[in-house]
Every structure is written in structure tokens, then in C-alpha cells.
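The structure appears right after this line, and notes come after that.
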Amino acid sequence: MLGVINFLKPPGMSSAQAVAFIKHLSGAKAGHAGTLDPEAAGVLPILLGRATRIADYLMAGRKVYLAEIAFGKATDTQDAQGQLTASGLDIPDAEAFRAALPRFTGTLSQLPPQYSALKTGGIPAYKLARAGRRAELAPRLTEVYSIDLIRQMSRQGFLMRITCGKGTYIRTLCHDMGEALGCPAHMRMLIREESGGLSIDRAVTTEELREAGREGLSRLVLTPDAALGFLPRVEAPEGLIHLLAGGVRMAADDQRLRGIDMPEGYFRLYAGDAFLGVFEAVDGSLRARTMLYQPQMRKRDDS
């Protein structure tokens, strides 16, 4: 079993539980690309077999979240499951909230929440927090590309859609918005609509996976090249398949690669109709970053 399952994680299931569920169902090695909080729902890419090698590429892709911020209360977990730490009555109206959104786009410095999976001395921060200890966490830079206010909600909330980069904590964003607007706030609800090019409208549920069973699971598994469809695709001559698949480094201006436009950064490389893996043109040579070639794998028309 090799590939990626675009899993629609339900609320109440941890990312580790999602991996265990699919690992048991498939009988294959499995991992996930990007943790999703237990009470959150949405896209959680589950990688099977050698596809675990592409986790970093998927995690580096953009994320899209549907989130509700609730004003009036702050919690120790920064979401609705935590203990109350502060309260206030100066609830911002829609105009004030919308006016504040540009302050939370671009490059932001975030202090990760104490209830997070980040480790201090090898111990996850959330375990220290549950034991009444505080983890020494440093601020981290993250990118928020856009925040769109969808509508005002009941119970002093606002529904928004956030497009961001790797490592953005949406509950911390909500907490920080509350501090900036002078009224404690927390994240009431979170749905991840997209992760690394995988969208919620094509995600599969636990019921669909159980119904498919191990025998029918393959029809729900994306090939690695399809899952990496957000990376540019480059075609090399079919005659170079064994040379490139063997890891031989070739000069980017090699006569045999003439006419091939190699973009900056990572790209998917094919030789004829065979997907070889993720490559990069560095210092004048073509280099394999993650080799995924298998003779039986054929290219998908996913461009």
C-alpha cells in the first residue's frame, strides 16, 4: 500500500488515533502530514508506506481554515475545551473586528500555546501543562496570507476563513485578536478545509473507509504524484529513466535535458510516463530530493 488518503478527520479523534485507525484498516505503515487538534475537524493527510517520505512537502503547503472566534472569555488552551483564565464585556462589533484583521495578516510572531505538541526537553508541552508546569517555548514566525470575515455569529462570535502557512496556530491567532481588541477571546470551532493542496470536498470519511475495507481501500488512495499536484511537473526523456531513478546527478545543461524548463524550488520529475520523485535544480545540477520511483507506478493526468 503506497499513497495518500485525504482523510476527513471527525471532531473528538486525535491525529494519532486517525493514523492508528487507518494503519489498522490498511495493514500498512502510516503517518500524518500536519497535526489537527482533537476537537477540530477537516482535512488530515494520511500517508501510507513509502509515501511518508512526502510529509514535509505536504506540511509546507498552504492551509485553509474555517474558524469561529468567541469574545468574552479566554482559556488556558485557547479553545472552547480549556479552563477560563479571563473574561470581559467589551465585545467588539463587526466593524471593529473587520478593521483589525489586516493587523493579523502577513508575517506574524506567534508564541505557541502551552497546550501544544511542541517538545521541551523531549516532553510535549501539553503534558507539562497538564502536570501544572510551564514549557519554555520561543515565539515563531508564521505567515497568514488572508483572513476573510464571513459573518457575525450568535454568542459574541465571528466566523472567518483563514489562509495561512505551515505552523500557524489558529487558536493562538484568536487569543491574540482578543488581546489586540481589548476583550478576551478563544477559538470556538475549527475546520481545516485545505491542507497541502488536498481539499475537504474530496476528503473521505471514517464510514467510507470502513465500508471500503482493506480490499477496496486502494480506490480511495491518491498516488504520491497526485497528492503533490501543487508542485510543478517537469518531463524528462523516457530514455533517462534508469539513469535518473538510479540517483545519478546530471548537469542541468546536459544535452539530454535540452529544452526542459526547470522551475525554481521543488518539482515533480517524470521520465516518459513514470513518476520519479521530487527533484530540484541546484548549483547547475539536477538533484533528487525524494526518490519515489516504482516501475509499476504510472503517471496520473492531474495537471
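Elements of the type strands (runs of 3 or more DSSP E) sitting completely within the range 143-242 and holding at least 3 residues that are under 18 Å from ARG62 (Cα atoms) and in contact with a Ser or Thr (Cβ under 8 Å, 6 or more places away or on another chain): these cover 157-164. Limited to the range 191-208, what total is found for residues that are touching a helix residue (DSSP H, G or I) at 6+ places or on another chain (Cβ under 6 Å) and modelled with pLDDT of 95 or more? So the count comes out to 2. With respect to PRO295, is the statement that it is loosely packed, with under 14 Cβ neighbours inside 10 Å, at pLDDT 85 or above and part of a loop (DSSP other than H, G, I, E, B) true? No. Taken over the range 124-139, the criterion of being of a type in the set (D, E, K, R) and either surrounded by 15 or more Cβ atoms within 10 Å (Cβ to Cβ) or assigned to a loop (DSSP other than H, G, I, E, B) (or both) is satisfied by ARG133, ARG134, GLU136. When restricted to residues that are of a type in the set (D, E, K, R) and surrounded by 12 or more Cβ atoms within 10 Å (Cβ to Cβ), the range 254-284 contains 5. ALA86 meets each of the listed conditions (1) outside any helix (DSSP H, G or I); (2) surrounded by fewer than 19 Cβ atoms within 10 Å (Cβ to Cβ); (3) of a type outside the set (Lys, Arg); (4) under 16 Å from the mean Cα position of the chain (by Cα) apart from (4).
Among the residues of the range 94-105, are any of a type outside the set (Gly, Ala, Ser) and in a strand (DSSP E or B)? No: zero hits.
Has the range 64-84 got at least one residue that is among the β-branched types (Val, Ile, Thr), closer than 16 Å to SER195 by Cβ and in contact (Cβ under 8 Å) with a residue 60 or more places away in the chain? Let's see the steps before the verdict.
Taking the range 64-84 and keeping what is among the β-branched types (Val, Ile, Thr), we get 64, 69, 75, 77.
Cutting the leftovers down to closer than 16 Å to SER195 by Cβ gives us 64.
After this cut, where a residue has to be in contact (Cβ under 8 Å) with a residue 60 or more places away in the chain as well, the list is 64.
Yes, the range 64-84 contains a residue that is among the β-branched types (Val, Ile, Thr), closer than 16 Å to SER195 by Cβ and in contact (Cβ under 8 Å) with a residue 60 or more places away in the chain.
Looking at the range 220-240 only, could you name the residues that are among the small types (Gly, Ala, Ser) and closer than 23 Å to LEU25 by Cα? Show your work before the answer.
Residues of the range 220-240 among the small types (Gly, Ala, Ser): 226-227, 229, 236, 239.
Result: ALA226, ALA227.
The values are calculated or read from the model by the stated rules, or taken from the named source; none is laboratory data. What you see is a predicted model; the values in this text were computed from it and never measured. Positions of Cβ are backbone-derived with ideal geometry, glycine not excepted, and every protein chain shown enters the neighbour counts.
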